Amino acid sequence: MNWFKYAAPQRFYALSGRLVPWFAAAGVLFTVVGLVIGLGIAPTDAQQGDSYRIIFIHVPAAWMSMFVYLIMAFWAGIGLMFNARLASTLAIALAPTGAWMTFIALWTGALWGRPTWGTWWVWDARLTSELILLFLYIGYMALHAAIEDPRRADRASALLALVGVVNVPIIYFSVKWWNTLHQGASVSLSKAPTIATTMLVGMLVMSLAFWMYCIAVALMRTRTLLLDRERHTAWARQAVHQGLGAK
Amino acid sequence: MMNLYWSSWSEFLAMGGYGLYVWGSFGVTAVVLLAEVLALRARHRNLLRDAHDNPEIERSEHET
């Protein structure tokens, strides 16, 4: 099987069109299972009471806010190095989803911080670097939107995305490097998790749900952007024709 | 077999007194995720119609 053939926009458009429903279905399934475990089965926390249940979306969203940025910067870099249209389109398609993940992490963090720390917000290292991540996403999208020619926009915004990568390890290690109000990692590869098994399972299932959601939505947006950029070409006209016929 | 932690709906909704924070988190997240999907679907449909009706246009003005 030759994977490179999917680097052609028309191949990718067709393949991703078939994949989106599967990722969406998996996302719905993991969400239902994760919510039943997280909100229904998992016992309350001895210290934090039921406010801790925010963890089941806060941690997956915070993970995704960082993962999506790294994947976005990776594709932006590939697009820059190899002048690859599809890679650049994938990068810009990931940005709004990453920005929403960052917003959700900050929002749920505020709603968790209020009952737990007594404050919605503090300017500590973890929270501030996560807010900078949101500004990086917005800056990347704004820069891309400000440049008329799409290929030039891809190249300029790719540089911004790559420079911004330095913020991701700062977010991740901020709780180790600085004294912060934010607790340390709940799950780590080097030591046993600090939370109960049911809680851990619920959080991992919800993380899978967020992964599936982000993949499905990023593929959907990539398809729309590809079709828009290539709407004058023969394959896109055929895809438009087929897309309207299916309705 | 695992059992549900809650014994009643009202207990579930109250979330041990943290209902505002828990449902404020889950509710806003649900709205954001659903809105993103619905907006993307609408945008794709609009693009299909626009590309069909205006084949001479090379690309939408606001791409992202």
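Structural remarks
- Taking the listed residues A:Ala156, A:Ala62, the one that is in a helix (DSSP H, G or I), closer than 30 Å to B:Leu13 by Cα and away from chain B (no Cβ under 11 Å) is A:Ala62, with no other qualifying.
- Options A:Val240, A:Val217; residue that is buried (at least 22 other Cβ atoms within 10 Å of the Cβ) and closer than 27 Å to B:Ala35 by Cα: A:Val217
- Within region B:1-25, the residues that satisfy the criterion of being within 8 Å of chain A (Cβ to nearest Cβ) and not aliphatic (A, V, I, L, M) are B:Asn3, B:Tyr5, B:Trp6, B:Phe12, B:Gly16, B:Gly17, B:Tyr18, B:Tyr21, B:Gly24, B:Ser25.
- Subset of region A:1-18 that is assigned to a helix (DSSP H, G or I) and touching a Leu at 6+ places or on another chain (Cβ under 8 Å) - its residue that is modelled with the lowest pLDDT: A:Tyr6
- Test: B:Val28 is closer than 20 Å to A:Gly109 by Cβ and facing chain A (nearest Cβ under 7 Å): yes
- Residue match in region B:11-31 (condition: under 25 Å from the mean Cα position of the chain (by Cα), surrounded by 14 or more Cβ atoms within 10 Å (Cβ to Cβ), under 25 Å from A:Asp154 (Cβ atoms) and without any contact (Cβ under 8 Å) to a residue 40 or more places away in the chain): no
- Every condition in (1) modelled with pLDDT of 95 or more; (2) under 21 Å from B:Tyr21 (Cβ atoms) is met by A:Leu136 except one, and the failing one is (2).
- Among the candidates A:Leu244, A:Leu226, the residue that is more than 7 Å from every other protein chain (Cβ to nearest Cβ) and part of a helix (DSSP H, G or I) is uniquely A:Leu226.
- Subset of region A:139-155 that is of a type in the set (A, V, I, L, M) and loosely packed, with under 15 Cβ neighbours inside 10 Å - its residue that is nearest to A:Thr222 (Cα to Cα): A:Ala145
- For A:Ile71, the conditions (1) at pLDDT below 95; (2) more than 14 Å from every other protein chain (Cβ to nearest Cβ) are fulfilled apart from (1).
- When A:Trp123 is tested against the conditions (1) hydrophobic (A, V, I, L, M, F, W, C); (2) closer than 30 Å to A:Pro43 by Cα; (3) not in a helix (DSSP H, G or I), the lone failure is (2).
- Breaking point among (1) of a type outside the set (A, V, I, L, M, F, W, C); (2) surrounded by 15 or more Cβ atoms within 10 Å (Cβ to Cβ); (3) modelled with pLDDT of 95 or more, for A:Pro21: (2)
- Within region A:32-44, the set of residues being outside any helix (DSSP H, G or I) and free of Cβ contacts under 8 Å to residues at least 40 places away in the same chain comprises A:Thr44 only.
- Test: residue in region A:75-88 that is of a type in the set (A, V, I, L, M), buried (at least 24 other Cβ atoms within 10 Å of the Cβ) and not in a loop (DSSP other than H, G, I, E, B): yes
- Single residue of region B:32-57 satisfying the filter (more than 8 Å from chain A (Cβ to nearest Cβ) and among the acidic types (Asp, Glu)) that is surrounded by the most Cβ atoms within 10 Å (Cβ to Cβ): B:Asp50
The values are calculated or read from the model by the stated rules, or taken from the named source; none is laboratory data. Note that this is a predicted model, so its numbers are computed, not measured. Note that we place each Cβ from the backbone using ideal geometry, even for glycine, and neighbour counts take in every protein chain shown.
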